[in-house]
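Colleague: Below you'll find the structure I mean.
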Amino acid sequence: MIAVPVFAEDVTHSTPGLSGYDPVAYFTLSVPTPGVTEYEFVWEGVRYRFANAQHREMFKANPDKYAPQFGGSCAMNMANGTRRESDPTIWVISSGRLYVFAGTGGAERFRLEAEANATKATANWKTLRNTPSQ
């Protein structure tokens, strides 16, 4: 997929994705890292921030690899059929995908059956993606 820049008026969220944390850093640094406004990129209506230009370019080249699943909503809640805001400091990378969670308990439950939970969450995301978070 080719990432296409989106103009500011097309951005659907005023708050940056992942609350401003750099989505690439989870993969490269293995720690949630705040991004900076100097290195922003909009993908699928969400403004992401990056810690540096290299991370922004890595994301642009392969956003499907680095973007959080389910628009950054809590993966365990999504698996259970509800959309809930997540805390980007609670995260898991499973099968090369970034999942974020509302709490540590959800992350632990997700890890126990990661593949099954990801499958359920993906199915629920199809109907919940356009609903507001709780």
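Colleague: Would you mind checking which residues have amide H under 5 Å from Tyr39's amide H? H placed 1.01 Å from N; only 5 or more apart, or other chain.
Modeller: Here Phe50 satisfy the definition.
Colleague: Along the charge dipole of the chain, Cβ charges K/R +1 and D/E -1, which of Thr28, Ser86, Tyr39 sits furthest on the positive end?
Modeller: Ser86
Colleague: For the range 122-134, just list the computed ³J(HN,Hα) in residue order, Karplus coefficients 6.51, -1.76 and 1.60, θ = phi - 60°, integers in Hz, with x standing in for Gly and Pro.
Modeller: 4, 5, 5, 4, 4, 9, 9, 4, 9, 9, x, 6, 8
Colleague: In whole Hz and in residue order, list the ³J(HN,Hα) couplings for the range 109-120 that follow from phi through the Karplus curve 6.51 cos²θ - 1.76 cosθ + 1.60, θ = phi - 60°; x for Gly and Pro.
Modeller: Computed from phi, the couplings for the range 109-120 are 5, 4, 4, 4, 9, 4, 5, 5, 5, 5, 5, 5 Hz.
Colleague: Evaluate the range 18-92: find the radius of gyration of its Cα atoms, find its Kirkwood radius, and give the ratio Rg to Rh.
Modeller: That ratio equals 0.96.
Colleague: Which of Asn80, Asn52, Asn124 moves most in a GNM of the chain, Cα contacts under 10 Å?
Modeller: Taking springs between Cα atoms under 10 Å, the residue moving most is Asn80.
Colleague: Oh, and also: In terms of the Cα gyration tensor, with a ≥ b ≥ c the square roots of its eigenvalues, is the range 82-134 rounded because a/c is under 1.5, prolate because a/b exceeds b/c, or oblate?
Modeller: Oblate.
Colleague: Counting heavy atoms of the protein chains only and a 1.4 Å probe, report the per residue accessible area for the range 32-76 as a whole number of Å².
Modeller: About 42 Å² of surface per residue is accessible.
Colleague: Name the long-range amide H neighbours of Arg47: under 5 Å, sequence gap of 5 or more, or other chain; modelled H, no Pro or chain starts.
Modeller: Those qualifying (amide H under 5 Å, at least 5 residues apart or on another chain) are His13, Gly17.
Colleague: Same structure again: Convex hull volume of the Cα atoms in the chain, per residue, in Å³?
Modeller: Spread over its residues, the Cα hull of the chain gives 101 Å³ apiece.
Colleague: Then there is this: Can you tell me what share of the DSSP beta bridges in the range 29-134 is antiparallel? A percent to the nearest 5 is fine.
Modeller: Counting only bridges with both partners in the range 29-134, antiparallel ones make up about 85 percent.
Colleague: Tell me the mean residue ellipticity at 222 nm calculated for the chain from its helices only (DSSP H runs of n ≥ 4, each -39500 (n - 2.57), averaged over every residue, nearest 500).
Modeller: So the calculated ellipticity at 222 nm is -9000 deg cm²/dmol.
Colleague: On to the next question. What does the charge dipole of the chain about its Cα centre add up to, to the nearest 20 debye, if the Cβ of each Lys and Arg holds +1 and the Cβ of each Asp and Glu holds -1?
Modeller: 340 debye
The values are calculated or read from the model by the stated rules, or taken from the named source; none is laboratory data. Bear in mind that the values here come from a model prediction, so they are computed numbers and not experimental data. Ideal geometry is used to build each Cβ from the backbone, glycine not excepted, and the neighbour counts take in all protein chains shown. Keep in mind that these areas ignore ligands, DNA and RNA; they rest on the heavy atoms of the full protein, side chains included. Shrake-Rupley method; radii C 1.70, N 1.55, O 1.52, S 1.80 Å.
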